[in-house]
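The next block holds one structure in the form of structure tokens; read it before the comments.
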Amino acid sequence: MRKSLIVLLASLLLTLVVSACSGGSGTSGNGGNAANPGNSADSSAGDGGGASQGSQEITVWAWDPNFNIAALNLAKERYEAKHPDVKVNIVEYAQDDIVQKLNTGLNSGTTKGLPNIVLIEDYRAQNFLQAYPDAFRDMSDVIKAEDFAEYKIGPTSYNGKQYGVPFDSGATGLYVRTDYLEQAGYTLDDVTNIDWNQYIEIGKKIKEVTGKDMLTQDPNDLGLIRVMAQSAGEWYLKEDGKTPNLADNPVIKEALETYKAMFDANIVKMNSDWSQFLAAFNNGDVATVPTGNWITPSVKAEASQSGKWAVVPTPKLAGSTNSVNASSLGGSSWYVMNLDGQDAAANFLAETFGSDSEFYSLLLEKIGAIGSLKAASSGSAYDKADDFFGGQKIYADFAKWTEEVPKVNYGLHTYAIEDILVIEVQNYLNGKDVDSVMRDAQAQAESQLQ
């Protein structure tokens, strides 16, 4: 009797052990959520085609509910319809919070709590890729760099490897109130393919006749300086992406002089935050908005202004022979973290943002997002006339301008240098000599960025 009981207990114990070993095959509630990578089911997604047993979860971090999050939701819906065994979890954070969380996690040496996919602004990408090259998955095997706008490849690649999946085009345009132009005696031709000096002169006339400022600016946001610099193929840094290139840089000098000339001409309406920026054109207080194409949904948000707007190429620098009527502002790309779940995450991006031109047409129709995938620009959605912009095919125009944006190396220190420049630009606007401004900014950058 005693022997039979021992055999029975041993049999029960063996059954429990086998059951425990087979019960964690991707069926956990956390799946492949990076918040709990120990429960990942990545072994079932090793072929890059999504999970074949159990379920696989992918967690994505991004910001901006009306743009990036909206794009993710469309990608999620499209992808999960074909891969019902994969669940995409979208987590919204402010961009600054994402940067802080990434730095904190990667500096700690642990991937716990990090997502499978993260959106990183192009200006910041090299900081992460060069500081933490092993933290991100090389995507060279699932996307082709040549399929995207050339200027997006520099920020998203490192040491010959393509880490980022380029997303939105930051191609800029000059949004123009055509009614204000007409009141001042101008036509769209008068503001097409012009330089910034011409822009300022037109702005003076519009202000004289209509009382409206030409543009709105937050003096603590130097985005317009970036636009001017990239239009001439220059940046705050040398080609190595590390060495400050401010003093004796003729393009940066002309950009600063042009910026000050706008304020001196009294054609700038000051703003101090995003909401005031939007209000300036939604309320009809400015005649133009020189910025990235991502502003289109915000311009169209004021339905009463339908038919009163057009978009023309961005003005260029007058004194730089290399400056063109095309530039970029902002823009971001997707990165897969090098942790459990990376193959399923890579496949999600490959099938959506990495190759699906029909998906990009949907993005354009639903949220006005212009991607940097070259094949997408041939879609019918890009050739659609927009009544809000007087029947102009603005998306086809932006697609064309995207191809003309000069490629520059944003490098490691864009925002660190702008922290210095913001103070020096204020000094410049208040009377400091421009050459002294550039020399002092250069010296500070060299001291701080060693």
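Assess whether Glu146 counts as being closer than 26 Å to Glu358 by Cβ and surrounded by fewer than 21 Cβ atoms within 10 Å (Cβ to Cβ). Give the steps one after another, and end with the answer.
Values: closer than 26 Å to Glu358 by Cβ: yes; surrounded by fewer than 21 Cβ atoms within 10 Å (Cβ to Cβ): yes.
In short, yes.
Would you point out the residue of region 218-233, among those that are polar (S, T, N, Q) and modelled with pLDDT of 95 or more, that is surrounded by the most Cβ atoms within 10 Å (Cβ to Cβ)?
So in region 218-233, the residues polar (S, T, N, Q) come out as 220, 230-231.
Right, trim to modelled with pLDDT of 95 or more and you get 230-231.
Details: Gln230: 27, Ser231: 30.
Ranking the candidates gives Ser231 first.
Of the conditions (1) over 16 Å from the mean Cα position of the chain (by Cα); (2) at pLDDT 95 or above; (3) open to solvent by less than 10 Å² (accessible area, probe 1.4 Å); (4) not hydrophobic (A, V, I, L, M, F, W, C), Ser332 clears all except one; give me its number.
(1)
Within region 177-202, work out how many residues are of a type in the set (Ser, Thr, Tyr) and within 17 Å of Val286 (Cβ to Cβ).
The initial filter retains those residues of region 177-202 that are of a type in the set (Ser, Thr, Tyr), namely 178, 180, 186-187, 192, 199.
Pick out the ones that are also within 17 Å of Val286 (Cβ to Cβ) and you get 178, 180, 186, 199.
Of the residues in region 177-202, 4 are of a type in the set (Ser, Thr, Tyr) and within 17 Å of Val286 (Cβ to Cβ).
Among the residues of region 99-114, is there at least one that is assigned to a strand (DSSP E or B), of a type in the set (A, V, I, L, M), in contact (Cβ under 8 Å) with a residue 60 or more places away in the chain and open to solvent by less than 30 Å² (accessible area, probe 1.4 Å)? Walk me through how you get there before you give the answer.
So in region 99-114, the residues assigned to a strand (DSSP E or B) come out as none.
No, because not a single residue in region 99-114 is assigned to a strand (DSSP E or B), of a type in the set (A, V, I, L, M), in contact (Cβ under 8 Å) with a residue 60 or more places away in the chain and open to solvent by less than 30 Å² (accessible area, probe 1.4 Å).
Within region 119-135, how many residues are open to solvent by 10 Å² or more (accessible area, probe 1.4 Å) and either basic (Lys, Arg) or in a strand (DSSP E or B) (or both)?
2
Read through the list (1) more than 25 Å from the chain's Cα centre (by Cα); (2) of a type in the set (S, T, N, Q); (3) closer than 29 Å to Asp134 by Cα, then give the number of the only condition that Ser436 fails.
(3)
Which numbered condition in (1) modelled with pLDDT under 95; (2) among the acidic types (Asp, Glu); (3) surrounded by fewer than 24 Cβ atoms within 10 Å (Cβ to Cβ) is the only one that Asp168 fails?
Exception for Asp168: condition (3).
For region 271-314, name all the residues that are of a type outside the set (Ser, Thr, Tyr) and within 15 Å of Gly211 (Cα to Cα). Quick ask: steps written out before the conclusion?
Just the residues of region 271-314 that are of a type outside the set (Ser, Thr, Tyr), to begin with: 271, 273-274, 276-287, 289-290, 292-295, 297, 299-303, 305, 307-313.
Within region 271-314, Ala280, Phe281, Asn283, Gly284, Asp285, Val286, Ala287 meet the criteria.
Among the numbered criteria (1) at pLDDT 90 or above; (2) part of a loop (DSSP other than H, G, I, E, B); (3) open to solvent by less than 20 Å² (accessible area, probe 1.4 Å), which single criterion is violated by Val60?
Failed condition: (2).
Please state which one of Trp294, Trp235 is more than 30 Å from Asp386 (Cβ to Cβ) and under 20 Å from the mean Cα position of the chain (by Cα). Let's see the steps before the verdict.
Working: Trp294 fails: more than 30 Å from Asp386 (Cβ to Cβ).
After ruling out the rest, the residue left standing is Trp235.
Can you list residue pairs whose Cβ atoms sit under 8 Å apart, with the first residue in region 378-406 being among the polar types (S, T, N, Q) and the second being surrounded by fewer than 16 Cβ atoms within 10 Å (Cβ to Cβ) and not in a helix (DSSP H, G or I)? Count only pairs 6 or more apart in sequence or on different chains.
If the second residue must be surrounded by fewer than 16 Cβ atoms within 10 Å (Cβ to Cβ) and not in a helix (DSSP H, G or I), the pairs left are Gln392/Ala385.
Assuming Ala375 fulfils every condition listed in (1) without any contact (Cβ under 8 Å) to a residue 24 or more places away in the chain; (2) surrounded by fewer than 23 Cβ atoms within 10 Å (Cβ to Cβ) apart from one, which condition is it?
(1)
For region 277-314, which positions are open to solvent by 10 Å² or more (accessible area, probe 1.4 Å), assigned to a loop (DSSP other than H, G, I, E, B) and closer than 22 Å to Lys207 by Cβ?
Asn283, Asp285, Glu302, Lys308, listed by residue number.
Suppose the filter is more than 29 Å from Val60 (Cβ to Cβ) and not in a loop (DSSP other than H, G, I, E, B); does Phe388 pass it? So that I can check it myself, show each step before the final result.
Values: more than 29 Å from Val60 (Cβ to Cβ): yes; not in a loop (DSSP other than H, G, I, E, B): yes.
Spelling it out, Phe388 is indeed more than 29 Å from Val60 (Cβ to Cβ) and not in a loop (DSSP other than H, G, I, E, B).
Would you point out which residue out of Thr352, Thr321 is under 22 Å from the mean Cα position of the chain (by Cα) and of a type outside the set (Asp, Glu)? If you could, list the steps in order and put the result at the bottom.
On the way: Thr321 fails: under 22 Å from the mean Cα position of the chain (by Cα).
Just one listed residue meets the conditions, Thr352.
Quick check: is even one residue across region 408-423 surrounded by fewer than 16 Cβ atoms within 10 Å (Cβ to Cβ), touching a residue at least 12 places away in the same chain (Cβ under 8 Å) and of a type in the set (D, E, K, R)?
Within region 408-423 (the criterion being surrounded by fewer than 16 Cβ atoms within 10 Å (Cβ to Cβ), touching a residue at least 12 places away in the same chain (Cβ under 8 Å) and of a type in the set (D, E, K, R)), the answer is no, since none of the residues qualifies.
Determine if region 327-341 includes at least one residue that is over 23 Å from Arg78 (Cα atoms), of a type in the set (Ser, Thr, Tyr), in a strand (DSSP E or B) and in contact with a Gly (Cβ under 8 Å, 6 or more places away or on another chain).
Yes, there is a match, as at least one residue in region 327-341 is over 23 Å from Arg78 (Cα atoms), of a type in the set (Ser, Thr, Tyr), in a strand (DSSP E or B) and in contact with a Gly (Cβ under 8 Å, 6 or more places away or on another chain).
Could you list, in sequence order, all residues of region 82-96 that are in a helix (DSSP H, G or I), open to solvent by 70 Å² or more (accessible area, probe 1.4 Å) and without any contact (Cβ under 8 Å) to a residue 60 or more places away in the chain? I'd like the intermediate steps shown before the answer.
Filtering region 82-96 down to residues in a helix (DSSP H, G or I) leaves 82, 95-96.
Then keep just the ones that are open to solvent by 70 Å² or more (accessible area, probe 1.4 Å); that gives 82, 96.
If the condition is that a residue be in a helix (DSSP H, G or I), open to solvent by 70 Å² or more (accessible area, probe 1.4 Å) and without any contact (Cβ under 8 Å) to a residue 60 or more places away in the chain, then Asp96 is the only one that fits.
Scan the helices (runs of 4 or more DSSP H) fully inside region 150-269 and keep the ones with 1 or more residues being in contact with a strand residue (DSSP E or B) (Cβ under 6 Å, 6 or more places away or on another chain) and of a type in the set (Ser, Thr, Tyr).
On the way: elements: 153-156, 178-183, 196-210, 223-231, 250-264.
So the answer is 153-156, 178-183, 223-231.
The values are calculated or read from the model by the stated rules, or taken from the named source; none is laboratory data. What you see is a predicted model; the values in this text were computed from it and never measured. Heads up, the Cβs are rebuilt from the backbone with ideal geometry, glycines too, and the neighbour counts pull from every protein chain shown. Side chains included, ligands, DNA and RNA excluded: accessible areas come from the protein's heavy atoms. Shrake-Rupley method; radii C 1.70, N 1.55, O 1.52, S 1.80 Å.
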